[in-house]
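Only one structure is covered here, and it is reproduced in the block below.
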Amino acid sequence: MAAQLGVCQVLQQPLPQPPGSGGYRLGSNPARPEGWQAKNGETMTTALYWFRNDLRVTDNPGLLAACSSQRVLTVFCFDPADFREGDYGIRRMGPYRAGFLRESVLALREQLQGLNISLHIHFGPPGDILPGMIKKYGVTDLHLQREWTRDECLALDAVREGLPPGVTVHEHYQQFLFHPEDLPYDSFDDIPDVFTGFRKKCEKHVSVRSPEDTPARREAVFAPAGDGGLPGWEALGMAPPRADSRSAFPFRGGEPAAWDRLQEYFWESRFLSTYKRTRNGLVGTRYSTKFSPWLANGSLSARQIYREVKRYEQEVEKNRDTYWLVFELIWRDYFKYVSLKHGPKIFAPGGIREVERDWGASREAFARWTQGETDSDFINANMQELRLTGWMSNRGRQNTASYWSQDMGQDWRLGAAWFQYLLLDYDVHSNWGNWMYNSAVGNDPRNRKFNPEHQASRYDASGKFRRLWLQGTLFDAAPEAPTAIATPGELSAPGGEGTQPDDAPSQPSKPENTP
Ligand SMILES: Cc1cc2nc3c(=O)[nH]c(=O)nc-3n(C[C@H](O)[C@H](O)[C@H](O)COP(=O)(O)OP(=O)(O)OC[C@H]3O[C@@H](n4cnc5c(N)ncnc54)[C@H](O)[C@@H]3O)c2cc1C
């Protein structure tokens, strides 16, 4: 897999140099393509900003850097590869996230229109779309958020192959709370494999950078890109998801919707003041922030949330609950750094610890787990919620993941791929990192395993959550499964290794070290 990463391979590299020392060469490219001349005869700089998982105009350093060029235009590609079957015969993206993404991109286009920047929306592989745009508009500088996982790297490699000579590519790290240049480590290799050490050192030595300014409104240079380009459901090969009134995530995609939610959760309801005490809840919108789908596609940034937490602590109150939201955002960062450190190992059967185990790949077990027909009603209720809404609580995710891999003994990567398909908030690092963690192949030094019956009696003592999801299935007219659920193809996961994992204690008991 490493060989496939090509020019985009950034894994296990030393930390990047600060701007100006070679990594970011704004406006420094000597060889400009022909075409666009400023009035005084100098070559005009034209930037193309390629939106990927950073669908916002505020706190977007890459977009801001692009706006330092004389002319700027932007693009988002719905890549058909994202909607096809992935490595395990399971689609990479299902209808919930696809719907949220469409809303997010439309909201982005509106935000950009307010800045007089046009967003070109395309349905096609970036490698086919971007080089043509770059030639057509005489682009001199391509800006994008820096990514390092396989599929994202392959997409960039394909774009690079088609670039005309002289175009400078600028990649920006802008998805973190703690910026990579500020980390108290010399190399990603030095990131500890236990969270607490990472958290404590970063909390002590790193200041979270302030969010960047929003680009100023510009003179319109290019004709507006028009309203087209958004692929319909048919083109995506799926039907739109049905709304389910029980959903814990009834929100829309896009930057304005993210800020509405933050406004509501922090400032109107002040739920932040009780976050740590409610975050293990299972029913409704209130128990946790629900920021993750916006964070995952970049409609909201971690440091914007951080700044609002700090403001809340000054203006309303500071307590363990307000701190705990930052603590969880550090977990999010941590899984990104784990992925930067370990590269493709986060997708390997033995995970980052290279555990040897003969994982099962039973089609029948997969059907029972995904359709909520296991022996555990707590697991079943969570799996129904996921299947019918694209959402599952953190408590539910920990239990269902541990159950699939550790109780049922099935390949954890099949479970991760199912989550990838259905989750509204799918994020490659958080998903595969948490899956490894709960499958005893990742960053949990104690290999904890969940006992769903104990968990249900602790977190769903009244049975409210299980009734909510199991009654719908058993007694009412059951909502149909989303039509696009792909029947998993060959479930035999490639490249399986080895024997048994270490024995795991049955109950998680040390909350400090669990995500
Ligand atoms: C098996 C498994 C798979 C997961 N897959 C994903 C995924 O694909 N995308 C994703 O964003 N999260 C994932 N998580 C982490 C976590 O469950 C969600 O981030 C959280 O439930 C989202 O709800 P919230 O925004 O209300 O979280 P809150 O409790 O309000 O937390 C605030 C934010 O902190 C971050 N956070 C919280 N818990 C975690 C965690 N365990 N790991 C990393 N970041 C965290 C998220 O960005 C979240 O939005 C997964 C967890 C497990 C156990």
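FYI, it's all coordinate maths here, none of it is from the lab. Keep in mind that this is a model prediction, so the values were computed, not measured. Don't worry about glycine lacking a Cβ; one is built from the backbone with ideal geometry, like all the others, and counts go over all protein chains shown.
Given the Cα-Cα distance of GLU264 and GLU354 and 0.36 nm per residue of separation, how much length would full extension add, in nm? Mind dumping the intermediate values first?
Values: separation 90, 0.36 × 90 = 32.40 nm, distance 4.34 nm.
So the chain would gain 28.1 nm between GLU264 and GLU354.
Between TYR323 and VAL221, what is the FRET efficiency for a Förster distance of 41 Å, r being their Cβ-Cβ separation, to the nearest 0.05?
0.35
Which order do VAL283, VAL167, VAL441 fall in if you start with the one that has the fewest other Cβ atoms within 10 Å? The partial results should precede the final answer.
On the way: VAL283 17, VAL167 23, VAL441 27.
If I rank by nearby Cβ atoms, fewest first, I get VAL283, VAL167, VAL441.
Quote the charge dipole size of the stretch 204-321 about the Cα centre in Debye, to the nearest 20; the model charges only the Cβ of Lys and Arg (+1) and of Asp and Glu (-1). Can you show the working numbers first?
Details: 20 positive and 15 negative charges, 145 e Å.
Its charge dipole is roughly 700 debye.
Ranking CYS67, CYS153 by Cβ neighbours within 10 Å, fewest first, what do you get?
Values: CYS67 23, CYS153 19.
In increasing order of surrounding Cβ atoms, one gets CYS153, CYS67.
Express in nm, to one decimal, how much length is gained between GLU453 and LYS200 on full extension, taking 0.36 nm for each residue of separation and deducting their alpha carbon distance. Before the final figure, lay out the partial values.
Working: separation 253, 0.36 × 253 = 91.08 nm, distance 3.35 nm.
Full-extension gain reported as 87.7 nm.
Under the Kirkwood approximation for Rh and a Cα-based Rg, what ratio Rg/Rh is obtained for the stretch 20-174?
On the way: Rg = 15.9 Å, Rh = 16.3 Å.
Rounded to two decimals, Rg over Rh is 0.98.
Arranged by the count of other C-beta atoms within 10 angstrom, fewest first, what order do GLU212, GLU313 take?
Sorted ascending by nearby Cβ count, the order is GLU313, GLU212.
Using θ = phi - 60° and the Karplus relation 6.51 cos²θ - 1.76 cosθ + 1.60, list the HN-Hα couplings for the stretch 62-71 in order, rounded to whole Hz, with x at every Gly or Pro.
x, 5, 4, 5, 4, 6, 7, 6, 5, 10
Multiply the residue separation of ASP186 and ARG363 by 0.36 nm, subtract the distance between their alpha-carbon atoms, and state the gained length in nm to one decimal.
Once the chain is fully extended between ASP186 and ARG363, it gains 59.2 nm.
Using amide H atoms built 1.01 Å from N in the peptide plane, name the residues 5+ places from VAL169, or on other chains, whose amide H lies under 5 Å from its own.
Distant-sequence amide H within range of VAL169: LEU142.
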